Structure formats: structure tokens, C-alpha cells
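First the structure, in the form of C-alpha cells, and then the observations on it.
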Amino acid sequence: MVVASIFVQVSSFQDYELPLTILDCIEKSSGNNIINFGVFNCYFENDKIEVPNLYNVKFEESVAPNKLGVGIGRYIANSFYNGENYYLQIDSHSRFDQNWDEFLISDYLYYKDAGLNPILTTYPGIYMYEDDKEKLLSNDSTPYIGFNNSKESQAQFLKDKILPQAAMYNKEGNIFTKGVSGAHIFGPGDLHLIEPNKKILHWGEETLYSVRFYTHGYDLLVPRKNNIYHLYYNQDNEEISRRKLPGNYFKQETESLLVESLAELARVIDNNVIGDQALGSKRTLDEYQRYANIDFKTGRIG
Amino acid sequence: MTKKDELNRIKEIEIQQLLLLPEVEALRSVVNNNPKDAIASEILEEKIDELSTLRKEKALLLLNLGFQITGISIDETFVDTEMWKQIDLAVAPLETSNLRYSLCTNCPEFVTISKQCKPLGVFAEEYSLIESSSCPIGKW
């Protein structure tokens, strides 16, 4: 068996699940491949989250509100890439099926053999806590990501350029996805070259990734089976969400970063910027718009 | 066929699709693990054709009922009823759609594993059914 290596990129903000995510990722891997991590950990000064002290986990840390935002966090985590064959981006609150690495590599090669240039992405399944016990919900469906085309969604899209992503039930054997889920991106090691945009706070990350990956020549594809789970945030109960949201603790900084973040998205899209932290040159923005059946200028979806 | 019959037929098709998809995936695994298994390959091809036939029938029914093509396939999940009226939903004559689809299947942008058009991400056969659609690389 040929040993492959996977680089796992994780950015975390005061997330008590971060260490468990890393340990579960290692424990559930097949053992046939090398799994290395690049982690960014932003934590509260009086409540430090400890990153597991392991030889294959490289990390950088900051005390909040220094280096707020998923963009800068992922950018730093990405910098730990060290020649691995494959690249996986996840959230810091994730769980895995047994042998997830073998499934993802096999799916990648399946699409590659079919003449595609794959990036595998989907909304992960759900895990949650009930009475302090971890529970994984059944993960039979693997949705593709489409866009809601209600009038309200199109009006919002026209205003902020963020594509209103939605999980679409894949009942017809479709392999393509129009959008990207930041919680599950798997592709070749070369993905590290598409550095995460440092100015993105959170909103807009997935829209920017979708256009960037597509214009860099990648095909956005759905894995054949969902092997990753995600702890979705419960707005009513921070306790069971096991993490903090920056906006609830650093309101002023977050609001200012949000403005900067939307301006960055608009800058790249409106000016069709090709280059670092922006679009690729293998396909055009127009080609993405045709593929996704959308129009950034008019706000049309579908 | 009344609208009610058409909706019932769509539901039947969806159930058939749901039953077929895991079979197709299982067969794909068998063929992937053993590409020389001619019997499994043949059954897989048959099942993929069966899926394709079901998709086509469902697409026609949905078009007749006034649903639009959204991103990837004809999908009723996020249809905005006001938008249906603005879209030309005419179905192309059979000869036209057949010719279009035969051009698709010989195109380098045709993804054989799912019978989709790569630049558009749509199912080529469904897409070719719509009168107003056009090939993204100008073949039809």
C-alpha cells in the first residue's frame, strides 16, 4: 500500500472542541496515511484552550481579540503546510467516520480517473451533545450546495455578494456542487497555494472560496459519502455549542472586520482581481457565473 | 394525465431513484475494486441508463407542471413561483433534443460517470430538453 500524507488545516476561536477534533481526526484515520495538522488557536486570556502537544500538530496562537477572523486564522494555519499529498480544511468542531482518510482519497482518485480536477466539498453531517454525551446523527445523505433563489435572497445577494448557500438533497446522482462548505474541503496538496484571504471575517468565506477554486481550474464535486460531522452552533445555548462567537464578546472589533470583509469580497468580484488571495486565471469569473447560474452584477440566481 | 397523476408519477420516480442510487454506488465500488468484472460493469451501465431514463421522464413531467431549471437539475426545492412565469419553459421537439444530447455525449466536456455537462454542471439530457437552452461551448 502506498502511504499518502494529508495536511489538515484548522482555525479555531475559543472552541473547547478543538483538542477533541484533532484527537478524533487522528483516532478515526485508517493508520495507513500520515496526518499532519496546521492549527491556529485564538483563545480568551483567562480561559486558554490547549492544543494537543503532538509531533504532527503545528500551531500558532493568539489572545483574543488579536487576530480575529476565520480568514487570518486559516491563512496562518495554511502556512504550516509541508509538502503533504492532500489538503483538508475543516472546522475546529468536527468529528469523523472510521477510515475517513481512505474514503476521501478513494473519492478523489475516482473523480480524477474520470478526467476531473477534484475538490470535494459538502455540508458535513451533524454531531451534538445530549446530557453531556456526544451523539453523531445518521449521515446517509451527502448534499450538494445550491443557492436559494427567493426574491429576498436575491436582493441580499445583490447587496452583499454573498451567495445564499443551501444544502440540496442529492437524489439524482449529481456529482457537482455550486458552492463550497468551509467545514469540509478536500483536494490535492496544491490547494495550499490558494491561500485563505486574510481579510475575511467569516461571512463571504465560502463565496470567495467557490469563485477562487473554480477560477483556479478546480471542479467542485460532492464526495460519494459524507464522512465528517460538524457541531452546528445553537444560538439559544452557547453551553452546548461548546464554543464562543467573536461577535458576542468583541462586538466593535467584529463589526469593523465585517465591513472590511464585505469590502474585500466586493473588491475581488467587482474588479475581477486575479492574483494573490483573489481569483485564479485558469477559468474566468464569467465562467463561474455560468456554471453557478448566477450574476453578481444583477443579483440573479437561477 | 391530470396534474395529480403527474405529481404522483414524480413521487413514484423519486422512490425508484432512491432505491436505485445505492445499488449504483455499490456496483461502482465493485467495478472500481475489480475493473475486469465484466458482469458488474454491464449491470452498472444498465442501472445508470435506468437512472437516466427516470431522470428524463421526471424532467418532462416537472417542465409540464411549470417547474424551472435551477442550478443543477430541475429541482422543486427552491422554486420561486413568480419566476416560473418569466422563463420560457417550452420543451424542444424530440428530434432536436435527441440531436443535442447525441452531440453532448460525444463532447469532451461530457462527464460520463454522471452524464453531466462540466461547464454547466447540469444533467445534459435534461438540459437538452429545454427549447431555449444552448450549449456553453457552441456545439448546438
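The values are calculated or read from the model by the stated rules, or taken from the named source; none is laboratory data. Fair warning: this is a prediction, and the values are worked out from it, not measured in the lab. When we count neighbours, we look across all protein chains shown, and the Cβ atoms used for this are built from the backbone with ideal geometry, even at glycine.
So, in the range A:165-179, how many residues would count as being assigned to a loop (DSSP other than H, G, I, E, B) and not charged (D, E, K, R)?
Filtering the range A:165-179 for residues assigned to a loop (DSSP other than H, G, I, E, B) gives A:169-175, A:177-179.
In the following step, the residues that additionally are not charged (D, E, K, R) were identified as A:169-170, A:173-175, A:177, A:179.
Selection size over the range A:165-179: 7.
A:D140 fails exactly one of the following numbered conditions: (1) closer than 29 Å to A:G31 by Cβ; (2) within 10 Å of chain B (Cβ to nearest Cβ); (3) buried (at least 17 other Cβ atoms within 10 Å of the Cβ). What is the number of that condition?
Condition (3) is where A:D140 drops out.
When you look at B:I137, is it hydrophobic (A, V, I, L, M, F, W, C), under 17 Å from A:Y288 (Cα atoms) and outside any strand (DSSP E or B), yes or no? Step through it out loud before you land on a result.
Details: hydrophobic (A, V, I, L, M, F, W, C): yes; under 17 Å from A:Y288 (Cα atoms): yes; outside any strand (DSSP E or B): yes.
When the stated conditions are applied, B:I137 passes them.
Test of understanding: among A:K199, A:K225, A:K151, which residue is among the charged types (D, E, K, R), within 19 Å of the chain's Cα centre (by Cα) and within 12 Å of chain B (Cβ to nearest Cβ)?
Details: A:K199 fails: within 12 Å of chain B (Cβ to nearest Cβ); A:K151 fails: within 19 Å of the chain's Cα centre (by Cα).
Selected residue: A:K225, the only one of A:K199, A:K225, A:K151 that is among the charged types (D, E, K, R), within 19 Å of the chain's Cα centre (by Cα) and within 12 Å of chain B (Cβ to nearest Cβ).
List the number of the failed condition for A:F103; all other conditions in (1) buried (at least 19 other Cβ atoms within 10 Å of the Cβ); (2) away from chain B (no Cβ under 14 Å); (3) over 27 Å from A:V211 (Cβ atoms); (4) of a type in the set (F, W, Y) hold.
(2)
Hey, among the residues in the range A:131-145 that are touching a Lys or Arg at 6+ places or on another chain (Cβ under 7 Å) and within 18 Å of A:V222 (Cα to Cα), which one's modelled with the lowest pLDDT? Spell out how you get there, then give the answer.
Narrowing the range A:131-145 to residues touching a Lys or Arg at 6+ places or on another chain (Cβ under 7 Å): A:136, A:142, A:145.
Going one step further and asking which of them are within 18 Å of A:V222 (Cα to Cα), we end up with A:142, A:145.
On the way: A:T142: 86, A:I145: 91.
The selected residue is A:T142.
I need the full set of residues from the range A:271-302 which are over 18 Å from A:E205 (Cβ atoms), out of contact with any Pro (no Cβ under 7 Å at 6 or more places or on another chain) and free of Cβ contacts under 8 Å to residues at least 24 places away in the same chain, in order please.
A:N271, A:N272, A:G275, A:D286, A:Q289, A:D295, A:K297
Okay, residues lined up against (1) in a loop (DSSP other than H, G, I, E, B); (2) touching a residue at least 12 places away in the same chain (Cβ under 8 Å):
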site: A:E152; (1), (2): no, no
site: A:L163; (1), (2): yes, yes
site: A:S181; (1), (2): yes, yes
site: A:I185; (1), (2): no, yes
site: A:D190; (1), (2): no, yes
site: A:E206; (1), (2): no, yes
site: A:V211; (1), (2): no, yes
site: A:Y214; (1), (2): no, yes
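Spot the failing condition for B:L18; the list is (1) closer than 18 Å to A:P223 by Cα; (2) surrounded by 16 or more Cβ atoms within 10 Å (Cβ to Cβ); (3) aliphatic (A, V, I, L, M), and only one is missed.
Of the numbered conditions (1) closer than 18 Å to A:P223 by Cα; (2) surrounded by 16 or more Cβ atoms within 10 Å (Cβ to Cβ); (3) aliphatic (A, V, I, L, M), the odd one out for B:L18 is (2).
Applying the selection to the range B:87-117, what residues are within 14 Å of chain A (Cβ to nearest Cβ), modelled with pLDDT under 95, touching a helix residue (DSSP H, G or I) at 6+ places or on another chain (Cβ under 9 Å) and assigned to a loop (DSSP other than H, G, I, E, B)?
If the condition is that a residue be within 14 Å of chain A (Cβ to nearest Cβ), modelled with pLDDT under 95, touching a helix residue (DSSP H, G or I) at 6+ places or on another chain (Cβ under 9 Å) and assigned to a loop (DSSP other than H, G, I, E, B), then B:L89, B:T112, B:I113, B:S114, B:K115 are the ones that fit.
Of all the residues that make up the range A:224-248, how many are over 30 Å from A:N174 (Cα atoms) and either surrounded by 18 or more Cβ atoms within 10 Å (Cβ to Cβ) or modelled with pLDDT of 90 or more (or both)? Steps first, please.
First, pick out the residues of the range A:224-248 that are over 30 Å from A:N174 (Cα atoms): A:234-248.
Next, from what is left, pick out any that are either surrounded by 18 or more Cβ atoms within 10 Å (Cβ to Cβ) or modelled with pLDDT of 90 or more (or both): A:241-248.
Residues that pass the stated criteria total 8.
Select, from B:L21, B:L51, B:L7, B:L61, the only residue that is closer than 30 Å to A:Q154 by Cα, under 14 Å from the mean Cα position of the chain (by Cα) and either part of a helix (DSSP H, G or I) or not β-branched (V, I, T) (or both). Give the derivation first.
Values: B:L21 fails: closer than 30 Å to A:Q154 by Cα; B:L51 fails: closer than 30 Å to A:Q154 by Cα; B:L7 fails: under 14 Å from the mean Cα position of the chain (by Cα).
Selected residue: B:L61, the only one of B:L21, B:L51, B:L7, B:L61 that is closer than 30 Å to A:Q154 by Cα, under 14 Å from the mean Cα position of the chain (by Cα) and either part of a helix (DSSP H, G or I) or not β-branched (V, I, T) (or both).
When both residues are 6+ apart or on different chains and their Cβ atoms are under 6 Å apart, which pairs have a first residue that lies in the range A:119-142 and is free of Cβ contacts under 8 Å to residues at least 60 places away in the same chain, and a second that is assigned to a strand (DSSP E or B) and of a type in the set (A, V, I, L, M)?
A:K135/A:M128
Scan A:E239, A:E260, A:E255 and give me the residue that is touching a helix residue (DSSP H, G or I) at 6+ places or on another chain (Cβ under 9 Å), of a type outside the set (A, V, I, L, M) and part of a helix (DSSP H, G or I). Write out each step before concluding.
Details: A:E239 fails: touching a helix residue (DSSP H, G or I) at 6+ places or on another chain (Cβ under 9 Å); A:E260 fails: touching a helix residue (DSSP H, G or I) at 6+ places or on another chain (Cβ under 9 Å).
When all the criteria are applied, what remains is A:E255.
Determine, yes or no, whether B:I15 is more than 11 Å from chain A (Cβ to nearest Cβ), β-branched (V, I, T), at negative phi and part of a helix (DSSP H, G or I).
On the way: more than 11 Å from chain A (Cβ to nearest Cβ): no; β-branched (V, I, T): yes; at negative phi: yes; part of a helix (DSSP H, G or I): yes.
Taking the combined requirement at face value, the residue does not satisfy it.
Tell me which residues, restricted to the range A:286-302, are buried (at least 19 other Cβ atoms within 10 Å of the Cβ) and either assigned to a helix (DSSP H, G or I) or in contact with a strand residue (DSSP E or B) (Cβ under 8 Å, 6 or more places away or on another chain) (or both).
Matches in the range A:286-302: A:Y288, A:Y291, A:A292, A:N293, A:I294, A:I301, A:G302.
Does B:E82 satisfy being at pLDDT below 90, within 22 Å of B:E14 (Cα to Cα), within 14 Å of chain A (Cβ to nearest Cβ) and surrounded by fewer than 20 Cβ atoms within 10 Å (Cβ to Cβ)? Let's see the steps before the verdict.
Details: at pLDDT below 90: yes; within 22 Å of B:E14 (Cα to Cα): no; within 14 Å of chain A (Cβ to nearest Cβ): yes; surrounded by fewer than 20 Cβ atoms within 10 Å (Cβ to Cβ): yes.
In short, no.
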